């Protein structure tokens, strides 16, 4: 249940992207607020291809799930993919650099099928490499090199994005976008989940993002490209502002709320102060004011003409539900008031609106699933 996060806003898309300037999408916002160049997409992350091992993958998204999203008024899905999920290689040992190029056509076809189904229900699809050659925010798969330091890794990264761009070269930018890399950071040991992290140097991030975006736009100059914020999605990337690349923030701040007791995010998950919102938690007072400060650089980015979307947001199921909803109300209000859309991590599962396994929710039966109606209503209001 690991987690650490784009979509068409029907009737509000007015133009495609151009390499000559910033993305030209119109969104509905108050007149005194700068218009976000990206639509105010609202939707979910779908984890069908999240695991690097297909044998460990989630149950496949069903067509009904996509229909429910459309019926409820959502217009976006993000597909965080682990590149090994669509490769052919001997999984009994660590992957080699050469095997990173061995595409499994049947696996790619399954991704195509989900994309086509999402488009059937007028959902914009954001393809994301959650695990790219040489980098992932999560450990659990041995990378043969480092994306930030090794040219061989960057070459493979560009190969994968060029492949996806070729497959969708004739699909409108209103229907598909490409989110380059999930939650980048430098890590002392690429294969150690808890090794020391630091900021990716701006010039290094620029080099990687520029190369990948050029590999994509080689197939279609109007393809929409997004880059997740630095420092695991939390910090804007000034070095990309002139590259006609949107940027993606996160709705997980502070982590004591969003990832309370999450073992993959905390070294000692059983000894954490109980979350409150607002209120004193440990040595910090948590409040909306801290969120306003956190999102101010992203709001300024919108004002500079860079498209911004929140590619992931939400809360693991150990946080008390009333605390989660109080905090998330503030998160979504801040984003929404500046025309920034969002994608909940996830649709079905511990972070989701269905089958989240919370012990303090009065669930509603929904075609055999357990629906968190309060959370759904909150998302729809944003």
Open item on the list: Can you classify the range 276-382 as rounded, prolate or oblate using the Cα gyration tensor, where a ≥ b ≥ c are the square roots of its eigenvalues, rounded means a/c under 1.5, and otherwise it's prolate if a/b beats b/c and oblate if not?
Closed with: oblate
Open item on the list: Can you compute the modelled spin-label distance between residue 373 and residue 63, with each label point 7 Å from Cα toward Cβ, in nm?
Closed with: 2.9 nm
TODO: Pull out a ≥ b ≥ c, the square roots of the eigenvalues of the alpha-carbon gyration tensor of the range 26-143, then state rounded if a/c is under 1.5, prolate if not and a/b is larger than b/c, and oblate in the remaining case.
DONE: prolate
Task: Residue-span extension gain [residue 210 to residue 102] - 0.36 nm each, minus C-alpha spacing - done: 36.5 nm
Task: Of all DSSP beta bridges in the range 270-382, antiparallel share, percent nearest 5 - done: 70 percent
- [ ] Calculate, axis by axis, the spread of Cα positions in the range 152-280 along the three principal axes, and write the results as whole Å, longest axis first.
- [x] 51, 32, 26
- [ ] Kindly provide the helix-only [θ] at 222 nm of the chain, computed as the sum of -39,500 (n - 2.57) over DSSP H runs of four or more divided by all residues, to the nearest 500 deg cm²/dmol?
- [x] -9000 deg cm²/dmol
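Would you mind calculating the gained length between residue 357 and residue 322 on full extension (0.36 nm times residue separation, minus the Cα-Cα distance), in nm to one decimal?
11.1 nm
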Open item on the list: Restricting to bridges with both residues inside the range 99-218, how much of the DSSP beta-bridge set is antiparallel, in percent to the nearest 5?
Closed with: 50 percent
- [ ] Between the alpha-carbon centers of the range 354-382 and the range 107-169, tell me the distance in whole angstrom.
- [x] 30 Å
TODO: Using DSSP, restrict attention to beta bridges with both residues in the chain and report what percent are antiparallel, rounded to the nearest 5.
DONE: 30 percent
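Between residue 198 and residue 167, what FRET efficiency follows from the Cβ-Cβ distance if R0 is 45 Å, with the result rounded to 0.05? The partial results should precede the final answer.
On the way: r = 35 Å, r/R0 = 0.77.
Efficiency computed from Cβ-Cβ geometry: 0.85.
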Open item on the list: With the crude spin-label approximation of a point 7 Å out along Cα→Cβ, what separation in nm comes out for residue 93 versus residue 333?
Closed with: 5.8 nm
Task: Computed FRET value (nearest 0.05) for residue 55 with residue 380, which takes r as the C-beta separation and R₀ as 45 Å - done: 0.80
Task: Cα convex hull of the chain, projected area averaged across orientations, nm² - done: 17.6 nm²
TODO: Would you please give the FRET efficiency between residue 113 and residue 289, computed as 1/(1 + (r/R0)^6) with r the Cβ-Cβ distance and R0 = 41 Å, to the nearest 0.05?
DONE: 0.35
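Every number in this text was worked out from the coordinates using simple rules, so none of it is lab data. These figures come from a predicted structure and were not determined experimentally. Here the Cβ is made from the backbone with ideal geometry for all residues, glycine too, and neighbour counts use every protein chain on show.
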